[in-house]
Amino acid sequence: FVGKEAIMKDVLETFPYGGDKAQIIKTETHEFSAVCPFSGLPDVATLRIHYRPAADKCIELKSLKYYTMSYRNVGLYQEHVTNEIFDDMLACLGVARKDLYVYTKYNVRGGFYTECELGNSELA
């Protein structure tokens, strides 16, 4: 596996929101994966990103797809993955912490499910 420098943050793009109403945008994939740095085995998860657009920015979904795909060979613990995504979304979208929620739920590993969440759970 590779280090977190392989995460392609530079592919993230936004487009103007242009809406005149506050809304919560929710996007989800069940195909997120990274690599456990302890075992070298893949960690597959559901990833949810919820946010209120600010600074007139919405995440462009194709760029989000390429960004998340760049994690596939990255060795990071599950909790660290959630932190990285949260920080990258804050930087890309220009939103406040209260306007962002990132959630990961990993498939069972050794009989354990792991869920990690950061941000405003009221957006969930």
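The values are calculated or read from the model by the stated rules, or taken from the named source; none is laboratory data. Just so you know, these numbers come straight off a predicted model, no measurement behind them. Positions of Cβ are backbone-derived with ideal geometry, glycine not excepted, and every protein chain shown enters the neighbour counts. The area values use the complete protein model at the heavy-atom level, side chains included, leaving out ligands, DNA and RNA. Shrake-Rupley method; radii C 1.70, N 1.55, O 1.52, S 1.80 Å.
Here is how the numbers come out for the structure above:
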item	result
So LYS62, is it among the charged types (D, E, K, R) and either within 20 Å of GLY3 (Cβ to Cβ) or not in a helix (DSSP H, G or I) (or both)	no
Qualifying residue in segment 63-71 (condition: out of contact with any His (no Cβ under 9 Å at 6 or more places or on another chain), in contact (Cβ under 8 Å) with a residue 60 or more places away in the chain and under 20 Å from PRO16 (Cα atoms))	yes
Qualifying residue in segment 11-31 (condition: surrounded by 19 or more Cβ atoms within 10 Å (Cβ to Cβ) and either in contact with a Phe, Trp or Tyr (Cβ under 8 Å, 6 or more places away or on another chain) or free of Cβ contacts under 8 Å to residues at least 60 places away in the same chain (or both))	no
Check on GLU79, in a strand (DSSP E or B) and open to solvent by 30 Å² or more (accessible area, probe 1.4 Å)	no
Yes/no for ALA55 being out of contact with any helix residue (DSSP H, G or I) (no Cβ under 7 Å at 6 or more places or on another chain) and at pLDDT below 95	yes
Residue in segment 34-41 that is hydroxyl-bearing (Ser, Thr, Tyr), modelled with pLDDT under 95 and surrounded by fewer than 19 Cβ atoms within 10 Å (Cβ to Cβ) present	yes
For LEU47: the one exception among (1) at pLDDT 95 or above; (2) outside any helix (DSSP H, G or I); (3) open to solvent by 20 Å² or more (accessible area, probe 1.4 Å)	(3)
Test: residue in segment 112-119 that is open to solvent by 80 Å² or more (accessible area, probe 1.4 Å) and at pLDDT below 95	yes
Hits in segment 82-105 - residues which are of a type in the set (A, V, I, L, M, F, W, C) and in a loop (DSSP other than H, G, I, E, B)	VAL95, ALA96
Evaluation of GLN23 against (1) within 11 Å of the chain's Cα centre (by Cα); (2) part of a loop (DSSP other than H, G, I, E, B) (one fails), failing number	(1)
Residues within segment 73-107 that are touching a Ser or Thr at 6+ places or on another chain (Cβ under 9 Å) and without any contact (Cβ under 8 Å) to a residue 60 or more places away in the chain, tallied	9
